[in-house]
1. Please find, among Met25, Met1, the residue that is over 14 Å from Ala248 (Cα atoms) and modelled with pLDDT under 95.
2. Ile262: touching a Lys or Arg at 6+ places or on another chain (Cβ under 8 Å), under 25 Å from Val13 (Cβ atoms) and of a type in the set (Val, Ile, Thr), yes or no?
3. Scan segment 103-127 and report the pairs whose first residue is without any contact (Cβ under 8 Å) to a residue 24 or more places away in the chain and open to solvent by 60 Å² or more (accessible area, probe 1.4 Å) and whose second residue is assigned to a strand (DSSP E or B) and not basic (Lys, Arg), with Cβ atoms within less than 6 Å and a gap of 6+ or a chain change.
4. Quick one: how many residues across segment 77-87 are open to solvent by less than 10 Å² (accessible area, probe 1.4 Å) and within 16 Å of the ligand (Cβ to nearest atom)?
5. Collect the residues in segment 204-226 that are more than 15 Å from Cys176 (Cβ to Cβ) and either within 15 Å of the chain's Cα centre (by Cα) or assigned to a strand (DSSP E or B) (or both), keeping them in residue-number order.
6. When only residues in segment 176-191 that are in a loop (DSSP other than H, G, I, E, B) and open to solvent by less than 10 Å² (accessible area, probe 1.4 Å) count, which is nearest to Thr94 (Cα to Cα)?
7. Going by the conditions given, is Leu213 assigned by TED's automatic domain parsing to the domain that holds Ser80, over 25 Å from Thr11 (Cβ atoms) and open to solvent by less than 70 Å² (accessible area, probe 1.4 Å)?
8. Go through segment 1-35 and give me each residue that's open to solvent by 20 Å² or more (accessible area, probe 1.4 Å), out of contact with any Ser or Thr (no Cβ under 9 Å at 6 or more places or on another chain) and part of a helix (DSSP H, G or I).
Amino acid sequence: MNAYLDNAATTRVWPEAAQAALRAMTEDYFNPSSRYPSGTLAAKALEENRRKVAQALGCQAKELVFTSCGTESDNWAILSAVQKNARRGTHIITTAVEHHAVLEPIRTLERSGYTVTRLPVDRQGQINLDDLQNALREDTVLVSMMLVNNELGTVLPVREAAQIVKRSGTPALFHCDAVQGFLKLPFTPRELGVDLLSISGHKVHAPKGIGALYIRSGLKLPPLLTGGGQEGGLRSGTEPTAQIAAFAAACEAGLARRDEDIAHMRTLRDYTLARLAEEVPQVSPIVPGDAPHILALTMTGYKSEVLVRVLGDRGVCVSAGSACHRGKPSHVYAALGLSRPERDGAFRVSFSGDSTRAEVDALIEGLKYAAATLFPSMS
Ligand code: PLP
């Protein structure tokens, strides 16, 4: 491979994370619930790892529950928030550009009788806070808004939105899907003022199969899984200690290099945009996008699936829109009001702290080749 530029889809597991997982599996493999000394040590290691993830997120360890992925965190937050507020109302507010992990559980609730307001976005991918203010009702029980959009790299005004919701006097709980924001922007859940916040390991150089849900201290939620009472009784099931150890190691390393990584990704992003403007005028940014790691681009009139294949054949990995919903037209591009040719040609380039200029150079060469060999009408 010449260039892996699909880090919003998933990231390479860092060696320190892989080593931590290996150790947890082959040496410290004991069940944290076991009462003999090795089990107690495993329980201690689990709590130490929770502390490391909490430190990277800027919250207390007791506010974090481990889950299997960002999707699980999103589903649980949404379904449990409305369950908790069951007597208080049936109105939910979200945005038109959320990830499917948020859209789908909300759609399920809608089918069962909830009313849903989906805040629209403008051509820049931004919501209007007045729309939120106007949408709030006495019976609004949940507001779910993402921090960084996975397809556009736009940063939504979660802090301001959470303030509006708190001031409104509605019983609404505020959930934030921060899967794409974690370790890419400096923030803490408390600063944002949210009640619930989802993160995922595989976006930050931990393996797939681990995520976490932040639950604001003092907020009691119904459990996701009942059984042996692990995770404070909220998510029973023997803890996946290897994934958790890897997640903690990736978070520790990620926090130590976060600011440097953010600056590096911004530099690469600017470099990519400058070279595109100079050398591949057929490609343009869809939105300015404020996140350091995501660049939403379009080669208007071309088909992005063809483009992604041509680049892939040259060892350059990018994504045609969101990798999570291959083949289906993106609701995010539709919400922006992109024209059909802009939408068809849309693709996403995404960086990590490990991305290099050489990878961007390979991308630019690939795009130049695509522009020279593909024609809008035949692609
Ligand atoms: N939310 C956002 C914004 C995402 O980008 C993703 C994954 O792409 C998810 C949720 C789902 O996370 P996971 O893959 O860990 O289930």
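1. From the options Met25, Met1, the qualifying one is Met1.
2. The answer is yes for Ile262.
3. Listed by first residue and then by second, the contacts come to Glu110/Val116.
4. Final tally of qualifying residues: 2.
5. Val204, His205, Ala206, Pro207, Lys208, Gly209, Ile210, Leu225
6. My answer is Ala178.
7. no
8. If the condition is that a residue be open to solvent by 20 Å² or more (accessible area, probe 1.4 Å), out of contact with any Ser or Thr (no Cβ under 9 Å at 6 or more places or on another chain) and part of a helix (DSSP H, G or I), then Pro15, Glu16, Ala18, Gln19, Leu22, Arg23, Thr26 are the ones that fit.
The values are calculated or read from the model by the stated rules, or taken from the named source; none is laboratory data. Because the structure is a prediction, the values reported are computed rather than measured. Counting neighbours? That spans all protein chains shown, and the Cβs are built from the backbone with ideal geometry, glycine included. These area figures cover heavy atoms from the full protein model, side chains too; ligands, DNA and RNA do not enter into them. Shrake-Rupley method; radii C 1.70, N 1.55, O 1.52, S 1.80 Å.
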